[in-house]
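A short write-up of the structure that comes next.
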Amino acid sequence: MSAMVIEYGLYVGILVLLAMPLGVYIGKVMNGERVFLSLVITPIERLIYRFLKVSATAQSSWKQYAKDAIALSACGFVVLFLIQISQNILPVNPENKEAVSWDLALNTAISFITNTNWQAYSGEATMSYFTQALGLTVQNFISAGMGIAVLFVIIRGLSHRKDKDQGLGNFWVDMTRIHLYILLPLSLVIACLLVSQGVVQTFQASTSGALIEPFAVDGDGEVIANGSILDDRVTVNSDVVEEATIIKEQLIPLGPAASQIAIKQLGTNGGGFFGVNSAHPFENPTSVSNFIQMLSILLIPVALVFTFGRNIRDKKQGYAIFASMFILLILFLSASAINEHLATPQLEQDGAVLTAVTLDQSGGNMEGKEARFGIVSSVVWSVFTTAASNGSVNSMLDSYTPLGGMIPMILIQLGEVIFGGVGSGLYGMIGFIIVTVFIAGLMVGRTPEYLGKKISPFEMKMAVLICLATPISILASSGFAALIPSVHYSLNNGGAHGFSEFLYAFTSAGGNNGSAFAGFSADTTFLNITLGVTMLLARYLPMIAILAIAGSMVEKKKVAVSSGTLSTSSPLFIFMVILIVILMGALSFLPALALGPIAEFLSM
């Protein structure tokens, strides 16, 4: 047990140690300060500004910033949609993949521009290399960069004064710096490290290899169990099965995977190059590649918390936010670990009934987990990927214990503000902080302030919209879908577990996460459209609201600190923020969770 605790501690400890210097670096980049890459990148940066016809010191209003961000997303949607529906006539398609259906292309395009990367398809079977490399990967960069850019608008809004400091910045300048200095260099390093571990990176077509033990499938494609293969025939209980097909070769999928995997993790995107995501041996072959990818998921989100404290010139505020997020992360990581390391009650009970002996489950619940990763790495990944808006998986959440599988669902439902997606997680937490400050102000009868700026009813309304956008998106869309009879056929299980599959799908879309319980067949016209609309609402409502708050706050003068000023870096305030985050999530989702994972747990 002590060894496992040390392993959990190493994952978290190394993550924080790497994030702290990265946070300082990001802050310098976004302030236009000189960094070690400046000598090489600055000339390229200037060429891009010249091409875009913008100045490095250009400023814009929050409305113009929002228009630019939405315009870029709209262009990305159109381009990605067109690439998918015409990929059969585009180049770099060695396996002659067919064009994608319009509804799946619509869903996928929305998914990738919103940083969700929900995939109702298997990547190696559906998407061409051109679509994967120049369609999906490009959007991974753009959507991640947009989240970071919007975060820096609210940082400037809180720390600047229009009469003295600079304004809110310029969208095109911010996106240029984010990609040239942060996302591209980090992705290059991670991609090279992954290739060194055996992650594939090639434009060669998929190949095949001979199986050591051939197997047979019947006319419906089901594997024939308890059959023997002899002289190209299949016998089952001495009867020859004539319609069976004997499989003697295994398809080995290839492709430019490492380059997409690097940014999918760093940008908290999450879309897998292969259908089973990072459980695939070509996408995540070793414990080293697993470690690199896990750290990449939360590296930038954690770093941005330290950047926040540096750039508002009050590091205590950054440490306070970090403490709030870190405490929540450890609590949920512990809860998931405890449940997965314990035995599965139903399996233990059934084993005793069938075999008259109690099954030994001292190793914990290994169902759905890769043996090369084990429970610790699987649990850490599942918590990291849903604390962030990443969604990549190295194990199947559908096979977790009821409460172990509920933890990732709750992490998304809380708004993914426990570090969260790159940029979006922190500006979502700022929304919760503003609500907390407002409530505390009402309790003491004082006008609420945050970082020396008064919180007016307008900021409060926008903050509530940020906090409720995820619950509204999830509950409204899932409630509507539950009324459609055809949705029932997408479930792989019935009862409480089937409801968990259904709820998790809409939770994933409404949280811009992209992970799934893996038992829900979502590639239908209705679900592709419904889930797509859910993703759009969950991404752009909070984004516009936080930009509006920034635009309002930058106009305000800072007030002097007095004896009545609420400290937003004290242990009491950290506790209040944690309480508000949990309380809003519990009030919103407890009834739904009671019908799914909680009911399944109690029935076991």
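Find the residue count for region 305-335, including only residues that are within 21 Å of the chain's Cα centre (by Cα), surrounded by 20 or more Cβ atoms within 10 Å (Cβ to Cβ) and within 13 Å of V16 (Cβ to Cβ).
Result for region 305-335: 5.
For S73, are the conditions met, namely being surrounded by 14 or more Cβ atoms within 10 Å (Cβ to Cβ), of a type in the set (G, A, S) and closer than 30 Å to M553 by Cα?
yes
Looking at region 363-418, which of the residues that are free of Cβ contacts under 8 Å to residues at least 12 places away in the same chain and part of a loop (DSSP other than H, G, I, E, B) is nearest to N290 (Cα to Cα)?
It comes out as A371.
Identify the single condition in (1) surrounded by fewer than 18 Cβ atoms within 10 Å (Cβ to Cβ); (2) within 29 Å of the chain's Cα centre (by Cα); (3) of a type in the set (G, A, S); (4) assigned to a loop (DSSP other than H, G, I, E, B) that A56 does not satisfy, given that it satisfies every other one.
Evaluating A56 over (1) surrounded by fewer than 18 Cβ atoms within 10 Å (Cβ to Cβ); (2) within 29 Å of the chain's Cα centre (by Cα); (3) of a type in the set (G, A, S); (4) assigned to a loop (DSSP other than H, G, I, E, B) leaves (2) as the failure.
Would you be able to tell me the number of residues in region 472-489 that are buried (at least 21 other Cβ atoms within 10 Å of the Cβ) and not β-branched (V, I, T)?
3
Do you know which residues across region 58-94 are of a type outside the set (A, V, I, L, M, F, W, C), over 21 Å from G551 (Cβ atoms) and in contact (Cβ under 8 Å) with a residue 60 or more places away in the chain?
G76, P94
Could you grab the pairs with beta carbons closer than 6 Å, sequence gap of 6+ or different chains, first residue in region 196-216 and without any contact (Cβ under 8 Å) to a residue 60 or more places away in the chain, second one assigned to a loop (DSSP other than H, G, I, E, B)?
Hits for this filter: T202/L254; A216/I224; A216/G227; A216/A244.
State whether the residues of region 544-551 include one that is more than 30 Å from W102 (Cα to Cα) and not hydrophobic (A, V, I, L, M, F, W, C).
yes
Failed condition for N140, given (1) part of a loop (DSSP other than H, G, I, E, B); (2) under 20 Å from the mean Cα position of the chain (by Cα), with all others met?
The number of the failed condition is (1).
Could you list, in sequence order, all residues of region 119-158 that are of a type in the set (F, W, Y) and either touching a strand residue (DSSP E or B) at 6+ places or on another chain (Cβ under 7 Å) or modelled with pLDDT of 95 or more (or both)?
Answer for region 119-158, where residues must be of a type in the set (F, W, Y) and either touching a strand residue (DSSP E or B) at 6+ places or on another chain (Cβ under 7 Å) or modelled with pLDDT of 95 or more (or both): Y129, F130, F141, F152.
The values are calculated or read from the model by the stated rules, or taken from the named source; none is laboratory data. None of the values given here were measured: they were computed from a predicted structure. Here Cβ is always computed from backbone atoms with ideal geometry, including for glycine, and neighbour counts include all displayed protein chains.
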